[in-house]
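Some notes on the structure that comes next.
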Amino acid sequence: MLSLKAVFAGYGGGNVLQSVDLECAEQTITCIVGPNGAGKSTVLRVISGLLRPSAGEITMDGQAIGDQAPDEILRRGITQVPQSHALFPAMSVHENVLMGGYLIRKNRRLLRDRLELVRERVPLVAERAHDHAGNLSGGQRRMVEIARCLMLDPKVILLDEPSLGLDPRSLAGVADLIHSLNQEGTTVLLVEQNVRLGLGLATHGVVMEGGKVRLTGTAAAIKDDPEIAALYLGGTRASPIPQNTPSTGPETTSV
Ligand SMILES: Nc1ncnc2c1ncn2[C@@H]1O[C@H](COP(=O)(O)OP(=O)(O)O)[C@@H](O)[C@H]1O
Ligand SMILES: [Mg+2]
């Protein structure tokens with residue numbers, strides 16, 4: 001469904017992504033893990049069109065999207081949930097969610113139907129409709145951020161570290177929501193520092209390091225990979241995967 005082939009991309013000072021290949025099949029949950037600076041967020045940016053690849057091919061349902069603008073990529077059904085603090089705190093939950101329907105604002109009927117769908121998929125949106133977004137807990141805000149993206153009924157959702165800053169109980173709520181969206185047919189690509197949570201939720205795993213994909217497989221296989229287990233999942237976690245770009249200096253991995 002979503003595919004990257006030999007993708008290179010960077011920010012002006014050379015390529016960060018060094019020939020990245022990635023496949024997300026329909027209705028899978030793929031989790032990208034890897035040390036800080038590995039290029040995980042850059043992969044999401046290049047898919048959502050915020051960053052243009054300097055080489056390689058990105059396709060959605062067989063159509064090239066690598067040269068498309070972000071709004072066109074949204075229309076093709078790929079949406080990125082923005083990093084935290086993306087809601088307007090003084091506006092209601094309802095108003096915040098409605099803004100996710102900006103691209104379809106002229107079609108009142110569709111907007112209403114979509115809102116109804118989102119309220120069903122994320123009950124919090126109905127329950128707390130008139131509360132200011134600023135009065136929600138961190139986990140509830142994250143759920144509303146995801147709900148807002150659902151106004152465009154995306155085929156693929158991109159999430160950059162959805163667990164960031166959340167307490168364990170909120171984490172469970174967000175993980176449940178991601179899982180239920182996937183069950184309803186949404187394809188999910190997420191980046192997670194919380195490797196245990198991310199791979200626990202995912203069907204497929206991708207390990208990145210130094211702008212390259214180092215390992216791909218089912219999430220279970222990645223979790224069971226002895227090296228990954230040693231580095232990320234308890235035991236000896238003291239040293240991150242050695243970087244193959246010494247010029248960037250030592251990197252740290254938070255788990
Ligand atoms: N806006 C930017 N401008 C310049 N360099 C950036 C920018 N964003 C990220 N980088 C660099 O790209 C590399 C990969 O970053 P990123 O994709 O954010 O890594 P990750 O999400 O895996 O921690 C890092 O070396 C980082 O310094
Ligand atoms: Mg990142």
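The values are calculated or read from the model by the stated rules, or taken from the named source; none is laboratory data. Note that the coordinates shown come from a computational prediction; the quantities given were computed from them, not determined experimentally. Methodologically, a virtual Cβ is constructed for each residue, glycine included, from the backbone with ideal geometry; neighbour enumeration extends over all protein chains shown.
Which helices (runs of 4 or more DSSP H) sit wholly inside the stretch 1-110 and have at least 3 residues that are surrounded by 20 or more Cβ atoms within 10 Å (Cβ to Cβ) and within 16 Å of ligand 2 (Cβ to nearest atom)?
40-48
Residues 174, 213, 206, 188: which one is buried (at least 17 other Cβ atoms within 10 Å of the Cβ), at pLDDT 95 or above, more than 16 Å from ligand 1 (Cβ to nearest atom) and β-branched (Val, Ile, Thr)?
The unique qualifying residue is 188.
Can you find a residue that is away from ligand 1 (no atom under 14 Å from the Cβ) and closer than 17 Å to residue 78 by Cβ anywhere in the stretch 37-50?
Yes; the residues of the stretch 37-50 include at least one that is away from ligand 1 (no atom under 14 Å from the Cβ) and closer than 17 Å to residue 78 by Cβ.
Using beta carbons and a limit of 6 Å, which pairs, at least six apart or on different chains, have the first residue in the stretch 179-195 and within 16 Å of ligand 2 (Cβ to nearest atom) and the second one of a type outside the set (A, V, I, L, M, F, W, C) and assigned to a helix (DSSP H, G or I)?
191/40; 192/198; 195/232
With respect to residue 159, is the statement that it is in a loop (DSSP other than H, G, I, E, B), within 16 Å of ligand 2 (Cβ to nearest atom) and under 30 Å from residue 38 (Cα atoms) true?
No, not satisfied.
What is the number of the single condition among (1) within 16 Å of ligand 1 (Cβ to nearest atom); (2) in contact with a Phe, Trp or Tyr (Cβ under 8 Å, 6 or more places away or on another chain); (3) free of Cβ contacts under 8 Å to residues at least 40 places away in the same chain that residue 54 does not meet?
Checking residue 54 against (1) within 16 Å of ligand 1 (Cβ to nearest atom); (2) in contact with a Phe, Trp or Tyr (Cβ under 8 Å, 6 or more places away or on another chain); (3) free of Cβ contacts under 8 Å to residues at least 40 places away in the same chain, the one that fails is (3).
Restricted to the stretch 162-178, and to residues that are in contact (Cβ under 8 Å) with a residue 60 or more places away in the chain and outside any helix (DSSP H, G or I), which residue is farthest from ligand 2 (Cβ to nearest atom)?
Filtering first and then ranking leaves 165.
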